[in-house]
1. Cut-off is 10 Å between beta-carbons; in what order do Leu234, Leu211 appear when sorted fewest neighbours first?
2. If you take every residue apart from Val158 with its C-beta less than 13 Å away from the C-beta of Val158, what net charge results, scoring Lys and Arg +1 and Asp and Glu -1?
3. Give the Kirkwood hydrodynamic radius (Å, one decimal) of segment 1-146, defined as one over the mean of 1/r across all pairs of different Cα atoms.
4. Counting other beta carbons within 10 Å of each Cβ, put His238, His168, His210 in order, fewest first.
5. Which of His201, Gly221, Ile140 sits closest to the plus end of the dipole of segment 131-270, meaning its Cα is farthest towards the positive end, when Lys and Arg get +1 and Asp and Glu get -1 on the C-beta?
6. Using amide H atoms built 1.01 Å from N in the peptide plane, name the residues 5+ places from Gln3, or on other chains, whose amide H lies under 5 Å from its own.
7. Give a residue-ordered list of calculated ³J(HN,Hα) values for segment 185-198 (Karplus: 6.51 cos²θ - 1.76 cosθ + 1.60, θ = phi - 60°; whole Hz; x for Gly, Pro).
8. Among Val200, Val158, Val205, which comes first, then next, by fewest other beta-carbon atoms within 10 Å?
Amino acid sequence: MLQFSKYQGLGNDFLLLDGRQGPGGEFCFDLTPERVRRICDRRFGVGADGVILALPPQQGGELRMRIFNADGSEPEMCGNGIRCLARFLADSDGDQPGRTWQVETLAGRIVPELQPDGTIRVDMGAPFLSPEAVPTTLAIGSAGIPQGELEASGELFVVGAAGMGNPHVVIPVADLNGVDLERWGAALEVHPAFPAKTNVHFVQVLGPDHLVMRVWERGAGPTLACGTGACATLVVCHQLGLCERQARLDLPGGPLWIHWDQASDHVFMTGPAEPVFDAVITPELWGEDPVGPGPANAVEDGVATAVAPMPLAGNSNADGIDCSTACVNGCARPDACASAEARARVEALLQSSSLDDLVALAANSLESRTRARAERTGPSLL
């Protein structure tokens, strides 16, 4: 019985899994691309744009965030996702406004902060404007960013690019209503100018402090919002002389407020994140691991866990074996398995607990989170 919470930020929705106290750290969830696709399916699963894991830190932060798109791919970062993660942490732990978190991501250290009105302000760091950092083959142009013309789906686009730990291409247009997002977004996502693929954003300038945009998200398709995309869009539009350093950006799911601070060069994003529901995933939906049977999920200390290794980049045991790749089809060192202790703990829990006991543990944890959320100070945070 895998416990999760669903949150949404401007309609960009995610399933949150708490593995901060999971046994063995990196052995928190037996998550595979197939399972991500299954639970994110909006007709046969829970339905979401992605799955977010809260994990123990590795590089001196408070926790580590991993995010998976609905297609099972793993992006470096997600602005709406990290706002949802922050609200999830605040709701779970009873944190009050002013609380910040040092979150490790594949895009570096990101710092969200809970605001008095319940929104989340996120220090997204400095944008990446060199072609190799985006990455893109576009050359630096007169605006000081990678820019140029790209042909895709039989159309020619004048574009600018920026990175926010993940790649973005921005296309200013005179009228968003004329954008064929399904055709053009899909074509530009996989354009050869972006070796790691890219998020695609069409933007219409309503004024120097007001932009409106539509999003084609890498690995997810059309989405109602993209936080990193809004940041990249403001940066590109400012460099092109189309807007100021602070602006409201209207996305299909609602507005975000973006500020590219000149003194620090950091981009700050402020926007909402709201809880939707808490629940558990049934074993039938979770299903068998497509690469072979693995240990069952369990609930320990109110946190649903599993002990099969996740595909974690850079996680090696004392012998230098990366369990995420070397052990994907079975333990490469069964006589000295890095997860042996965690496996033993979960096996002992399963042997000593009935299914009713495990369900009760999950239900108690859900009840505690709901109670903590309801007791938060201020009606705007409920």
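1. Lowest count first: Leu211, Leu234.
2. Residues close to Val158 contribute a combined charge of -3.
3. Final number for the Kirkwood radius of segment 1-146 is 16.3 Å.
4. Ascending Cβ contact count within 10 Å gives the list His210, His238, His168.
5. It is Gly221, whose Cα lies furthest towards the positive end.
6. Distant-sequence amide H within range of Gln3: Ile281, Ala304.
7. Result, ordered by residue: x, 4, 5, 6, 4, 9, 5, x, 5, 10, x, 9, 6, 7 Hz.
8. Val158, Val205, Val200
Read-outs: derived from the displayed coordinates by stated rules, not from any lab. Predicted model, so just to flag it, every value in this text is computed and none were measured. Every residue, glycine as well, gets a Cβ built from its backbone with ideal geometry; the counts of neighbours run over all protein chains shown.
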